[in-house]
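Structure first, then comments.
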Amino acid sequence: MIHEIKERWVQLCGILESGLPREAFEQLLQQQLGFFYEHHAIMRSADKALFSWTLYALRAQIVNFVHQGDLIDNNYINLFFLFRGVDLQPDPRIDKLLPILLDAYHGYHEAQKEKYLFAHLIFILRFINGDGEEGLMFFLSEHLFFDGKAYSTMDRDAKQLGDFLGAHEIGFDTVAPAIERALNISAYTVRSEHQRHTLFVWVLGFFWKLSGYENHLLWKEKIYPKLLELFRVYLGDVQHIETVMHLHFLMSHLYLNASQTQEEFEDFNRDVEIPASKYYAAWGTINLPVLQNMPSRSRKRVALLKDRIVLNAPFKVEASLVWALSEFEVFPAQYELQVYSMAMVEKSLDDAVCIKEFERHGAVVIESAFVSLNLQSSYQSHLGRALAIRHAMQENGIGLLIIASNNMPIGNFLLSTRSVAQQYFWSHGNFVYDVEGIDKRITHIRNLNYPYPYEVFDVPMRITSYYTPQVDPKKIAAERSRYPQNVTILGTIGRLIKVDHQGYLEAVARIMEKFPNTIYIAAGSGETQGILKKVRELGFESRFFMPGFVDPHVYGAIIEVWLNTFPASGGEALQEYMAKGGIFVQKTEDTDYLEHARASLETDTKVNVFFKRYGYCEADKLCKGEPLGVHRYAATDEEYVQRVSDFLSDTQLCEAYRNLNRQQMEFFNSEMHLSGFIDLLGE
């Protein structure tokens, strides 16, 4: 086999060395590139001299074309795999040519086709001259400053670049240093404002979306610190507010998507949110008029501000609240609700169905930020959107602003510049968010330890609409068939960053070792390599599955026991699962939870009303000698493993908790009252 490969390889090298016209050369590459790719690893080790001969022959052809004045094809970058990691004697002609090309390259505008072509040419000449790694760094780092729309006309949605990275198995560990280079203070600050902002488009619009790149740990470990350095540079000049907001948003996205704990949120608040808040407030003092008193109205106008209106967990909570308020006589009589979107199109467009859901229940959706966008540009102004929302709220007579999104530059700006008379922050899980202009903090999440005073209110969820919609059984069966049969399925649904914790995965490993007839499904989006490495080391990789983003209602029927993650717990996805009667175990910070559960049986009226409504006798209130309900909780890792083991060993216990979970979601949701929310709105 190797003899036949070698013979064909020699033949092709002879043809290359003979010197081909450009058309014939490109035809040969088109026909034989697959052969070279398939066998290059073998030939590198089997016959180094022959392999080197190939590279020198290819290089000679390409250099000759360049010296003849031909503009070589950009697809020549696909020869990189052959030259990568090979030590070649430099060609003096290339050494002489490269400085000239670099000078010409820097003379072109980022939207000019010539700049795009020269970037490819410089990369090709560098790697065929034995300088492939430096060439790749240049090629990738310079891409970050190309005008997005102009680039797309040359390479639709950067498909060629994406294919190149995939074919050459260039992972984010290789790309991250190139992005770091582009973010060096000396490299970034000399760029035009447009170039500085197109970097953001490339990071989120392209690199973040590549397979294996999304939420990679290096975004937080390597890229975020470089962005923070730049952020601190631009904080020194109020004229650079657009760049400050640009960096603020990018840092928020990269850091918080890889964060799990309140401590991490607090670090981000200290390093980014507070300095940004002071900066925005100072900018507002110089550039914005003093807030005027609003005329009194028969109905108080309340604004709910979201980063975008899409079907995610926060929307389900907020839409349920709006739905309930529309049916609560006091609210429509005294208040008018307007929903504002920040139009964060960098993440996604607002969903027309979700907008109609708000409107159907009496809210007015204001899309002033979207109207402010320049759809002819690659980059959208954060400041422009913030000012559009601010102006619209003041024009519409908003008396109270409730911001339901944290760590967004637009939200921080609106709070810090005092956009309306009353400004509330609604936490959906980040309890340490702290910027100028917050008059009151509110949340629907009950927590043991709030770092700031929070007013807590109930949200009656629309369970049948958002938690337990009907799903075709055939769809569930088809998805279930993808996994081993006759096993018990453990798992979670949500951001994978929550799964990526050593202590949690060690607990899962102990459970699966104890119960070999189990598999684990980690459903959701995010970086996978760190999780797989831990799972591999813990020895259950063959029983561990990551299907990616899924339909939670389908997988809510497939997962039999939900092993809630820690330290970052599941949110609305767990509530959905509980409403379906799903069994779960989660860690609690309340080390005295057992005593508190016993006390509630005796003193909590609502708990006893629940038991009475669903026909529980006194004996039913206890399960295995403990108050019914506590098997869902564990204070330690050891107890967590034991609680899960109890469920996996006892079908009667499982059935009791399936009923309990379903009934409790139904009962406590029906008992929730909106008076708490109305009270915090004020007169």
Those residues of the range 1-27 whose amide nitrogen sits under 11 Å from the label point placed on E38, 7 Å along Cα→Cβ:
5
Estimate the FRET efficiency between T605 and D173 by the formula 1/(1 + (r/R0)^6), using the beta-carbon distance for r and 60 Å for R0, to the nearest 0.05.
0.55
Theoretical FRET efficiency, 1/(1+(r/R0)^6), r = Cβ-Cβ of E638 and S211, R0 30 Å, to 0.05:
0.20
Per-residue ellipticity at 222 nm attributable to helices in the chain (runs of n ≥ 4 DSSP H, -39500 (n - 2.57) apiece, nearest 500 deg cm²/dmol) works out to -16000 deg cm²/dmol
Accessible area per residue for the chain in Å², computed with a 1.4 Å probe and the full protein assembly in place, what is it?
43 Å²
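Can you tell me how much longer the chain between R658 and L288 gets when fully stretched, taken as 0.36 nm per residue apart minus their C-alpha distance, in nm with one decimal?
On the way: separation 370, 0.36 × 370 = 133.20 nm, distance 5.63 nm.
Contour length minus Cα-Cα distance gives 127.6 nm.
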With angles folded into 0 to 90 degrees, how steeply does helix 2-17 sit against the dominant principal axis of the chain? Use alpha carbons for both and round to 10.
60 degrees
State, to one decimal in nm, how far the label point of K624 lies from the label point of E506, with both points 7 Å from Cα in the Cβ direction.
2.3 nm
Potential extension, S675-N486 segment - 0.36 nm per residue separation minus Cα distance
63.2 nm
Where in the range 269-292 does the label zone of Q239 land, with the point 7 angstrom along Cα→C-beta and an amide N cut-off under 20 Å?
279-288
Give me the distance in nm between label points sitting 7 Å out from Cα along the Cα-to-Cβ direction at E114 and F515, one decimal.
6.8 nm
Tail beyond 24 Å, pair distance distribution of the range 29-161 (Cα, percent)
31 percent
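Based on Cβ point charges of +1 for Lys and Arg and -1 for Asp and Glu, what charge dipole magnitude is obtained for the range 347-480 about its Cα centre, in debye rounded to the nearest 20? Numbers along the way, then the final one.
Details: 13 positive and 13 negative charges, 55 e Å.
Using Cβ point charges on Lys, Arg, Asp and Glu, the range 347-480 gives about 260 debye.
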Point-to-point label distance, S525-R613, nm (Cα→Cβ direction, 7 Å offset)
3.7 nm
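Averaging over every viewing direction, what projected area does the convex hull of the Cα atoms of the chain cover, in nm²? Walk me through the numbers on the way to the answer.
Numbers: hull surface 139.6 nm².
Over every viewing direction, the Cα hull of the chain projects on average to 34.9 nm².
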Work out Dmax and Rg for the range 387-466 from the C-alpha atoms and quote the Rg first, both in angstrom.
13.9, 41
Compute the helix-to-body angle for 241-256: its Cα long axis versus the longest principal axis of the chain, expressed 0 to 90° and rounded to tens.
70 degrees
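Considering only DSSP beta bridges where both residues belong to the chain, give the percentage that are antiparallel (nearest 5). Walk me through the intermediate numbers first.
Details: 2 of 42 bridges.
Here the antiparallel bridges make up roughly 5 percent for the chain.
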Heavy-atom accessible area of the chain with neighbours in place, 1.4 angstrom probe: carbon+sulfur share in percent works out to 51 percent
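On a full-extension model of 0.36 nm per residue, what is the gain between A352 and V471, subtracting their alpha-carbon distance, rounded to one decimal in nm? Mind dumping the intermediate values first?
Working: separation 119, 0.36 × 119 = 42.84 nm, distance 2.25 nm.
Result for the pair: 40.6 nm of gain on full extension.
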Kindly express, to the nearest 10 degrees and within the range 0 to 90, the angle between helix 172-182's C-alpha long axis and the longest C-alpha principal axis of the chain.
80 degrees
Answer in debye to the nearest 20: the dipole magnitude of the chain about its Cα centre, from +1 Lys/Arg and -1 Asp/Glu charges placed on Cβ, is 760 debye
State the answer as a single residue: which of Y450, M393, I489 lies farthest towards the positive end of the charge dipole of the chain, with beta carbon charges of +1 for Lys and Arg and -1 for Asp and Glu, about the Cα centre.
M393
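From the cross-link list K6/K96; K209/K514; K159/K220; K209/K533; K48/K159, which pairs have alpha carbons spaced over 30 Å apart?
Values: K6/K96 35 Å; K209/K514 38 Å; K159/K220 26 Å; K209/K533 21 Å; K48/K159 33 Å.
Pairs exceeding the cut-off: K6/K96; K209/K514; K48/K159.
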At a Förster distance of 25 Å, what's the computed FRET efficiency of D157 paired with D267, Cβ-Cβ distance as r, to 0.05?
0.10
On a C-alpha basis, how far is the centre of the range 547-607 from the centre of the range 610-683 in Å? Whole number, if you could?
9 Å
So who's got an amide H within less than 5 Å of the one on I402, skipping anything under 5 residues away but keeping other chains? H placed 1.01 Å off N, in plane.
A303, L304, L305, Y424
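What are the equivalent ellipsoid semi-axes of the range 555-683, built from the alpha-carbon gyration tensor (square roots of five times its eigenvalues), in whole angstrom, biggest first? Kindly include the intermediate steps, with their values, before the conclusion.
Details: eigenvalues 119, 73, 52 Å².
With the √(5λ) rule applied to the range 555-683, the semi-axes are 24, 19, 16 Å.
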Inter-part gap, Cα centre of the range 131-165 to Cα centre of the range 19-54, in whole angstrom, is 24 Å
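According to the square roots a ≥ b ≥ c of the eigenvalues of the Cα gyration tensor, what is the shape class of the range 98-163, taking rounded for a/c under 1.5, prolate for a/b larger than b/c otherwise, and oblate for the remainder?
On the way: a/c = 2.23, a/b = 1.32, b/c = 1.69.
Here the range 98-163 falls in the oblate category.
The values are calculated or read from the model by the stated rules, or taken from the named source; none is laboratory data. Keep in mind the model is a prediction, meaning the values are calculated, not measured. Neighbour counts run over all protein chains shown; Cβ positions are idealised from the backbone, glycine included. The area values use the complete protein model at the heavy-atom level, side chains included, leaving out ligands, DNA and RNA. Shrake-Rupley method; radii C 1.70, N 1.55, O 1.52, S 1.80 Å.
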